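Let me begin by presenting the structure, written as structure tokens, before commenting on it.
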Amino acid sequence: MHPIPLVLLLSAPSSAPLGCDEVGSPFGQENTFALEGRVFSRFGEARASYVRGHKHAGVDMRGDYRATIYPVCAGLVTAVQLSFPHLTVVVRHHRPDGSIFHSSYKHVTDVRVAEGELVTRTTALARLFDEAEHRRAKFGRAPVHLHFEVLVRTDDEGAASWSAMSMQALRRYRSDPMELFGSRGGSLSPPSPRR
């Protein structure tokens, strides 16, 4: 991840949408309760790709072909990284208490934002694959989906996504994304950074 230049944060207008006191669905206006039904691969599950046995650093949520993806709350785009089929948009969010977390949106295309751009809940970040792109991605029987992560630290430069072999190692850098949305579908304040 690239650090955010201080001048960028200081030059943001005073009405800049950086606060994140309530979260929503990355699929738009959908109630966050509906996200539970979209999840087909959970946080912390053992994975067979890349480093065999690593812990899944996020959740995989079914989507519709070409579905538009939105940030879970207002923030600042800090990275647009990797390439097809792992293209990822990362957004930095500020909690009312001053703490920070990042949300990560992977397996997207047609990115509509750039690093350094302020975004709101209604800013389209990117879209999920169409049918041809999904076939080209070679995800096997997995449906078209969004891989969504909540980063509580970024000094691993993304490595926890494929290298954390225990829950303890994973939780140093990631938080269970479903905790962000609340157990009953309501919005919670974003997770506190773990040390």
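Bear in mind that the values in this text are calculations on the coordinates, not laboratory data. In this text the structure is predicted, and so the values were computed from the model without any measurement. Neighbour counts are summed over all protein chains in view; Cβ atoms, including those assigned to glycine, are modelled from backbone coordinates with ideal geometry.
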Sorted by mean Cβ packing within 10 Å, highest first, what order do the peptides 85-95, 101-111 take?
101-111, 85-95
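In the neighborhood of His94, defined by Cβ-to-Cβ distances under 14 Å, what is the net charge if each Lys or Arg adds +1 and each Asp or Glu adds -1? Write out the running numbers ahead of the final one.
Numbers: positive: Arg92, Arg95; negative: Asp21, Glu22, Asp97.
Surrounding charge for His94 is -1.
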Rounded to the nearest 0.05, what FRET efficiency do Ser49 and Asp130 give with R0 = 22 Å and r taken as the Cβ-Cβ distance? Could you check?
0.45
Residue-wise HN-Hα coupling along the range 64-77, computed from phi with Karplus coefficients 6.51, -1.76, 1.60 (Hz; x: Gly, Pro):
8, 4, 6, 5, 6, 10, 10, x, 6, 6, 4, x, 10, 5
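Once you list every other residue whose beta carbon is under 9 Å from the beta carbon of Asp110, what net charge do they have if Lys and Arg are +1 and Asp and Glu are -1? Intermediate results must be reported in sequence, preceding the final value.
Values: positive: Arg66, Arg112, Arg127; negative: none.
Spelling it out: positives minus negatives among the neighbours equals +3.
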Which values of log₁₀ I(q)/I(0), to two decimal places, follow from the Debye formula for the range 16-180 at q = 0.09, 0.14, 0.15, 0.17 Å⁻¹ with a uniform point scatterer at every Cα?
-0.26, -0.67, -0.78, -1.02
Report ³J(HN,Hα) in whole Hz for each residue of the range 54-62, in order, from the Karplus equation J = 6.51 cos²θ - 1.76 cosθ + 1.60 where θ = phi - 60°; Gly and Pro get x.
5, 8, 5, 8, x, 10, 9, 10, 4
Which far-off residues, 5 or more places away or on another chain, put their amide H under 5 Å from the one on Ala126, with H placed in the peptide plane?
Ile69, Arg112
